[in-house]
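Asker: The following block contains the structure, expressed as structure tokens.
The values are calculated or read from the model by the stated rules, or taken from the named source; none is laboratory data. Only a predicted model underlies this, so the values are computations on that prediction, with no experimental measurement involved. Heads up, the Cβs are rebuilt from the backbone with ideal geometry, glycines too, and the neighbour counts pull from every protein chain shown.
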Amino acid sequence: MKRLIIGTRGSDLALWQANFIKDKLAAIGVEAELKIIKTQGDKILNLRLDKLEGKGFFTKELEEELLGGTIDIAVHSHKDLPTVHPDGLTIAAVTEREDPSELLLILKDCVNITHKLSLKTGAMVGTSSNRRKAQLLALRPDLNIEDLRGNVPTRIQKLRDEDYDAIMIAKAGVNRLNIDLSEFHVEVIDPTDIVPAPAQGALAIQIRENDSELFDTLQQIHHKETADEIAVERKVLNLFEGGCHMPLGCYCKKEEEQYEVWTSKAETDEDFPDRLFYRVENLDGLAEKIVAKFSGERKFPAKVFISREVGEHNYFRKALEKHNIEIDARSLIRTFPIVTVLDPFYLKHIEWIFFSSRNSVDYFFNLKPMLPKHVKFGVAGRGSEDSLRRMGHVADYVGEGGDIEEVAELFAEAVAGKTVLFPRAQDSLLSIQKALKSDTKVVDLPIYETVIEENIDQTYAEVLIFTSPSNVDAYFVDNLLDPGQKVIAIGNSTAKKFEEMGVKVILPYSPDEIGLAEAVFGIDI
């Protein structure tokens, strides 16, 4: 094959990407050289991208040279590509996806770890993405979001110059450029918290459609699993008829033999986004199913019951009230402390502390414990993580998803050979403790008990959310489910209670406010 010409933008990241493909080609015996091409997005730096006319601000000029035959390959960040290709061009291959997480880089004097995302109240955050802005404001409505343009090093320099308190950028770009971020506080934001742009982290290799020999050659560096995942994300974007400025996030990943897909969509950058999660065995028709859920004609439940209190500014409350869904929020159990004083010696040799619930965090810190200097914290989920933050501590291990067996298995690996304290409810099922390795020392600390309320009124809400096995026990002393009522269970132990009753339940991906909002949004009434 002849020596190929790779067209690329001239930014540090674009050059890294083009050289990455050049090296991949060299590994299969194909020589290539680079040609740098300036795009509209590179030339116009004083306007927000969503204020510019047309589409493909970072791709159009590369595509024109490809069609004109002056280059053989164009390398793009896949998320920058319009969903419809120009006639005569095709994506011949995609690379394995880099980590699609977002990074929040914060000036160290603007950090407040007691708040979600570790940002001080009212912080100014730079981002040029409507998708990021909508999701950030949903999590932290107090933030001030300001436009941020420029390539990755330029954006970081603007933070260094203190033009912003923090900026949000894609982790993939920072990883690829190997940028030192030690001067900043860095928060890695999981794709399930802030849903990335469709195809974020993947590279697209674009060629002329009639270049069949090159297409066949490029299959040697094509990553099919990534291609399958981002095809769903890109089709969702296409069906919504949205460009890269639509406040839309979509992320698909294969987990063992199933696909997990998260979607976040807002009408504008200041609108509260709707969230949806699916777990499916195959991707056929999935994009259409996702888009149908966001239809303005669909019917929502009029009322949702949840067996715990829900604060006025809670994410879950805001997500439901957006669709005029009434919330019946009331705990069906009461909790009481059973330890009022904690001997400092008790904590002296503790290396880890694990919290399985918000209550365990609150009751433990009410004891004003004298913590060892280098103690680490594990939590069962994001609700406990948020409670721990409010106490001024960041979790070193956070259980993801609703599968307590998986959480326990991964935590057991992290604490092998260590001494772990478990502040807990007196009637706890000890699921995590039972999974630990034999060389892990467990220090058990029952600190509160739960008491079931009596004479609980039945709810006629279409959707019932139960937050613990104790709440299930409390409700069904005197009540039954009505036909048609749907049940969401938080955690496998809660779901097991319903399984024993022969009741089918929905398990949210994550047992926090976002996961609950996704579960309710996904229910058909």
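Asker: Out of 167, 156, 207, 145, I need the residue that is in contact with a Phe, Trp or Tyr (Cβ under 7 Å, 6 or more places away or on another chain), surrounded by 20 or more Cβ atoms within 10 Å (Cβ to Cβ), modelled with pLDDT of 95 or more and of a type outside the set (Lys, Arg). Which one?
Answerer: 207
Asker: Can you name the number of the only condition in (1) more than 16 Å from residue 79 (Cβ to Cβ); (2) surrounded by fewer than 19 Cβ atoms within 10 Å (Cβ to Cβ) that residue 175 fails?
Answerer: For residue 175, the exception is condition (1).
Asker: I would also like to ask the following. For the stretch 489-525: of the residues being of a type in the set (Ser, Thr, Tyr) and within 17 Å of residue 319 (Cβ to Cβ), which is surrounded by the fewest Cβ atoms within 10 Å (Cβ to Cβ)?
Answerer: So the residue we want is 509.
Asker: All but one of (1) assigned to a loop (DSSP other than H, G, I, E, B); (2) touching a strand residue (DSSP E or B) at 6+ places or on another chain (Cβ under 6 Å); (3) among the acidic types (Asp, Glu) hold for residue 444; state the number of the condition that does not hold.
Answerer: (1)
Asker: Within the set of pairs 6+ apart or on separate chains, which have a first residue in the stretch 200-225 that is closer than 30 Å to residue 129 by Cβ, a second that is surrounded by fewer than 13 Cβ atoms within 10 Å (Cβ to Cβ) and of a type in the set (A, V, I, L, M), and C-beta atoms under 7 Å apart?
Answerer: 221/28
Asker: Would you mind stating whether residue 104 is touching a Ser or Thr at 6+ places or on another chain (Cβ under 8 Å), free of Cβ contacts under 8 Å to residues at least 40 places away in the same chain, closer than 30 Å to residue 513 by Cβ and hydrophobic (A, V, I, L, M, F, W, C)?
Answerer: No, not satisfied.
Asker: Also, I was wondering about something else. Within the bounds of the stretch 454-465, is there any residue that is of a type outside the set (A, V, I, L, M) and touching a helix residue (DSSP H, G or I) at 6+ places or on another chain (Cβ under 8 Å)?
Answerer: No: the stretch 454-465 contains no residue that is of a type outside the set (A, V, I, L, M) and touching a helix residue (DSSP H, G or I) at 6+ places or on another chain (Cβ under 8 Å).
Asker: Which one of the conditions (1) in the same structural domain as residue 517 (by TED's automatic domain parsing); (2) outside any strand (DSSP E or B) does residue 305 fail to meet, given that it meets all the rest?
Answerer: (2)
Asker: Filter the stretch 365-383 for residues that are among the hydrophobic types (A, V, I, L, M, F, W, C) and either crowded, with 24+ Cβ neighbours inside 10 Å or under 25 Å from the mean Cα position of the chain (by Cα) (or both); which is nearest to residue 395 (Cα to Cα)?
Answerer: Residue satisfying both the conditions and the ranking: 377.
Asker: Also: Considering only residues that are assigned to a strand (DSSP E or B) and out of contact with any Asp or Glu (no Cβ under 7 Å at 6 or more places or on another chain), which ones fall in the stretch 452-476?
Answerer: 463, 464, 465, 466
Asker: Ok, one more. Say we look at the stretch 263-286 and pick out the residues that are of a type in the set (D, E, K, R) and either in a loop (DSSP other than H, G, I, E, B) or assigned by TED's automatic domain parsing to the domain that holds residue 145 (or both); which of these is surrounded by the most Cβ atoms within 10 Å (Cβ to Cβ)?
Answerer: Here the answer is 269.
Asker: What tally of residues in the stretch 301-333 results from selecting those that are buried (at least 18 other Cβ atoms within 10 Å of the Cβ) and out of contact with any strand residue (DSSP E or B) (no Cβ under 9 Å at 6 or more places or on another chain)?
Answerer: Qualifying residue count, the stretch 301-333: 1.
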